Amino acid sequence: MMEQYHALKAQAGECLLFYRMGDFFELFFDDAKMAAGVLDIALTTRGESGGEAVPMCGVPVHSADGYLARLIRAGHRVAIAEQVETPDQAKARAKAEGKPSSKVLVAREIIRFVTAGTLTEDALLEPRRANRLAAVCEVRGTLGIAACDISTGRMELEECTPDALAAALSRLGAREIVTPEDWEAAPPEATLRPAGDFASERGRQRLQDLHGVSTLDAFGEFSRAMLAAAGGLLAYLEHAGRGAMPFLLPPRINASDACMAIDEASRTSLEITATQGGARTGSLLGTVDRCVTSAGARQLAEDLSAPLARRPQIEARLALVRLFHDDPILRGDTREALRAIPDIARALARLVADRGSPRDLGQVRDGLAQARVLHEALAALPDRPALLDDLLPRLTGHGALVHELARALVPSPPTERSSGGFIASGYDDALDSLRETSGNARKAIAALEARYRDETGVSALKIKHNGVLGYFIEVPSKHADRLMAPDSGFTHRQTMASAVRFNSVHLHEEATRIAEAGGHALAAEEAHFEALVALVVEAREAIARTADALARIDVAAGLAERAAEGDWCAPAIQDASCLEIVGGRHPVVEAALARAGERFVPNDCALCDTDRLWLIGGPNMGGKSTFLRANALIVLLAQAGSYVPASSARIGLVDRLFSRVGASDNLARGRSTFMVEMVETAAILAQATERSFVILDEVGRGTSTYDGLALAWAVAEAIHEQNRCRCLFATHYHELARLAETCDALSLHHVRAREWQGDLVLLHEVAEGPADRSYGLAVAKLAGVPPGVVDRASAVLAKLERGREETGGLAAGLGDLPLFSAAMQAQEEECDTLREKLAALDVDALSPREALDMLYELKREGGES
Ligand code: ADP
């Protein structure tokens, strides 16, 4: 057996091997040790004759899904080795091969690889989250990304530059990434696959074969990088399914400038779809989501992960939200109708992948029928927004299919198809008569029981059924003699402790009728199942479009619900680079405060071309971070097509959104926190454009006061002079206020605080002007630092402040510093004199001596600059 095991394990590679033995999947050796740890199950050993004891553990087949889910979540991949013949078949094979049947082993094969990106089982998937697999590869410096969610069949292709890869992958939120094995820049967690899988021509061919077309023109224009990535993706899916391809729709192209770019660090810091602890609750998504279907919730997560960057699309979404917002009755009715709609996208994917059940068919039937009901209600509306007009036709057109499914299936079909019972009566006469036959036989058996009781006079006689004997007659032991008599008409089958079991000719006949009719009925149901699945598969693209349209309507109605609940407003999207938010609130903090019975203080923000950088000072805990994030989230929500938590908002389109938080709040990820902070800040300086929006929270905090102030100063100047983007910059360095003297588009603001009867009161109100003082000691007191320590700190502070007055303070002399751009220019110019000299040099005309002199001269000048 171990030989077979090792052969399969070699095929499984790095995957854990689930080796089917009877009712268990067994794991051996290191796999067993690993799995026993992750799953917290007993590690045992298996004695091998003559060999060492082999570590092993096992999970029952019937509950394998739960164990698989845990292994996948812990980052493992699993190969499933099933028995592909019965013991009888194995024996017959042995006989044919002339081997002793005692030695033969049931053949096993890996039937599937289960990986994070290739799940379709409901039990293994999170209902409200997409499950993406992405393939990435490089073709001549351009990266191709192919992503799909096989639980819904969506497939997307895009390309990007190497520096934009991290942002693209974090937008897609892929659960698993595959790359060519010879690609040096592969992300460390990637699954490596043969480089040959990522050839663009083969990718094109695979896509054409998959969709049965001879050209991809109808789907869009795909670049070589996209096709190469698509090839890698499809090859991997084929590998994981051992040749069986999952459900995939024709690929869509994601244009790189269609979405607002948000890099990984900003996503994490803004807690868009998950908090920094990884939870959905407490994230923006968790606070905004009022969708009533899982598909809607998945769509909303995608919308928030990839806010739009083009005005018409944003306005189209907003118009649909407005429709539901302004009409609470329509909203309520629509949500009620949606609530009854099952997850047809995932049911469809299972059916297409041949892993579907009668229940999935029932879900498709109910979902499509309900879509039609919704269509009727929405199509009757006057003045429909354009997006709704686009969506409406996708909700219908399934009449014949729904009719067929409704006729064929019982109202709630089971998930198990092998025991039948899902085809409705009246659908198939032959099936009905088979069922009648077995029904009659059952009645006949009930009649037999009464007759035998009469005939034998044993009132305790019963006819029972079990899996081993089938139907049998049972009497208590003390009455058994009467039935044992040779002419009784009963034949003895089994003697138990307190009962004896018999058969009879009549019973046998009826039992046979039941078994035969039952077998035929099962076969008939199976055939109907396959035919119905084929009908659904035929209509898969249209059904997927319906599912998408339903999700989009759910998102809009859900956002409208959220807006009404929180008194949110419709943002006005502008082309000018403004950001005018009146009464803005942070939705997550507001919800948390509301739970504690406290009120959120709304604040205004007004950035424009001539006032695009706000420096915000004020005490710790004063509400700076909250203000920054509230504005970033409002921009994000608006461009995702949502109403926003404010009383009014005018938002100039943002192409890139950045959020950075000073190091000490961040977790170290291998590098020092300050290093992380600087790497992330550098990315903003390199990438932010005039259309970007940046929030910087205490940047420079992760190092010494002098370094930190110097860096914060230089970063603020660079953002003002070079990037020229809209920016909110929170800082506790008062000294930065002096930047206002030289930077015209920079203004000073602070969060207000008061000392009242010796205690600090934080007003959480953003006001104009510099912060007057830092209130650090008052905050310390508020936080419970012992009075003695606070008093001592006051004394030290007084001394420090005296020193500051005498020397002019930390930032003394900074006012004379040339501005960032001027300093940069001066450096440039000096370099240029060197360059000019070099350009003028005729190297061929120089003697070796002259060349050496010239080199010394250039060196001297360069050193001076
Ligand atoms: P800072 O960045 O200035 O240290 P935070 O933004 O972290 O301050 O705010 C600290 C706390 O103050 C928050 O956790 C929140 O409870 C409260 N807070 C912040 N802003 C507001 C506001 N606008 N209204 C009410 N409470 C607020």
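Points to keep in mind about this one:
- For the chain, the antiparallel share of DSSP beta bridges with both residues in that region comes to about 65%.
- Sites GLU97 and VAL54 - FRET efficiency at Förster radius 35 Å, r taken between beta-carbons, to 0.05: 0.80
- Note on LYS443: lysines with a C-alpha under 30 Å away, same-chain residues under 8 apart excluded, are LYS462, LYS464, LYS478.
- Measuring r between the beta carbons of LEU43 and GLU181 and using R0 = 41 Å, the FRET efficiency lands at 0.80.
- Cα-based shape type of segment 306-373, given that a ≥ b ≥ c are square roots of the gyration tensor eigenvalues and the cut on a/c is 1.5: oblate
- Per-residue SASA entry for ILE514, accessible area with 1.4 Å probe, Å² rounded to 10: 20
- Spacing of the two label points (7 Å from each Cα toward its C-beta) at VAL468 and GLN11, in nm: 3.6
- For segment 566-616, applying the loop criterion from DSSP together with a ceiling of 10 other beta carbons within 10 Å to the trypsin sites (Lys or Arg not before Pro) yields ARG599.
- Compactness of the chain, taken as the C-alpha radius of gyration over 2.2 N^0.38 Å, stands at 1.25.
- Of the listed residues ILE145, ILE253, the order by accessible area with a 1.4 Å probe, largest first, is ILE253, ILE145.
- Ligands, DNA and RNA are left out, and with a 1.4 angstrom probe the accessible area of the chain is 47 Å² per residue.
- Toward the positive end of the charge dipole of the chain, with +1 on the Cβ of Lys and Arg and -1 on the Cβ of Asp and Glu, the farthest Cα among PHE324, CYS291, GLN639 is that of CYS291.
- The residues LYS95, LYS443, sorted by heavy-atom accessible surface at 1.4 Å with ligands and nucleic acids left out, run LYS95, LYS443 from largest to smallest.
- Relative to the Cα centre, the charge distribution of segment 556-601, modelled as +1 at Lys and Arg Cβ and -1 at Asp and Glu Cβ, gives a dipole magnitude of about 160 debye.
- Solvent-accessible surface (1.4 angstrom probe) belonging to LEU133, in square angstrom, nearest 10: 0
- 16 Å Cα-Cα reach of LYS859 towards aspartates and glutamates, excluding residues that sit fewer than 8 places from it in its own chain: GLU830, ASP832, GLU836, GLU850
- Principal-axis tilt of helix 311-326 within the chain, Cα atoms, nearest 10 degrees: 60
- Accessible area of segment 428-581 belonging to carbon and sulfur atoms, whole % at 1.4 Å probe: 52
- Computed extension gain for LEU834 through SER419, at 0.36 nm per residue and net of the alpha carbon distance, reaches 140.7 nm.
- Accessible surface of segment 88-193 [probe 1.4 Å, protein heavy atoms]: carbon and sulfur percent: 50
- The largest accessible area among ILE41, ILE272 belongs to the first residue in ILE41, ILE272, and the rest follow in falling order (1.4 Å probe, all chains).
- Computed over segment 376-430, Cα set: Rg, Dmax in Å: 17.5, 52
- The longest part of the chain holding none of the exposed loop GluC sites (Glu not before Pro), meaning those outside H, G, I, E and B in DSSP with at most 12 other Cβ atoms within 10 Å, is 222-415.
- Spin-label model distance (nm) - MET675 vs THR161, 7 Å beyond Cα toward Cβ: 2.6
- Sum of side-chain charges, ASP289 neighbourhood, beta-carbon under 14 Å (Lys, Arg +1; Asp, Glu -1): 0
- 0 to 90° range, to nearest 10: angle between helix 848-864 axis and the chain longest Cα axis: 90
- For segment 442-571, convex hull of alpha carbons as volume per residue, Å³: 215
- Principal semi-axes in Å for segment 397-496 [√(5λ), Cα gyration tensor, largest first]: 43, 14, 10
- Accessible surface of segment 305-359, 1.4 Å probe: 49 percent of it comes from carbon and sulfur atoms.
- Helical contribution to [θ] at 222 nm, DSSP H n ≥ 4, -39,500 (n - 2.57), averaged over the chain, rounded to 500: -14500 deg cm²/dmol
- Placing +1 on the Cβ of every Lys and Arg and -1 on the Cβ of every Asp and Glu, with nothing else charged, gives segment 372-514 a dipole about its Cα centre of roughly 600 debye.
- At most 13 other Cβ within 10 Å, DSSP loop - trypsin sites (Lys or Arg not before Pro), segment 121-228: ARG140
- Helix 787-807 and the long axis of the chain differ in direction by around 40°, with both axes built from C-alpha atoms.
- Per-residue SASA entry for ASP383, accessible area with 1.4 Å probe, Å² rounded to 10: 140
- In this Cβ point-charge picture (+1 for Lys and Arg, -1 for Asp and Glu), segment 100-258 has a dipole of about 540 debye about its Cα centre.
The values are calculated or read from the model by the stated rules, or taken from the named source; none is laboratory data. This is a predicted model, so every value here is computed, not measured. Neighbour counts are summed over all protein chains in view; Cβ atoms, including those assigned to glycine, are modelled from backbone coordinates with ideal geometry. The accessibility values were calculated without ligands, DNA or RNA, using every heavy atom of the protein model including side chains. Shrake-Rupley method; radii C 1.70, N 1.55, O 1.52, S 1.80 Å.
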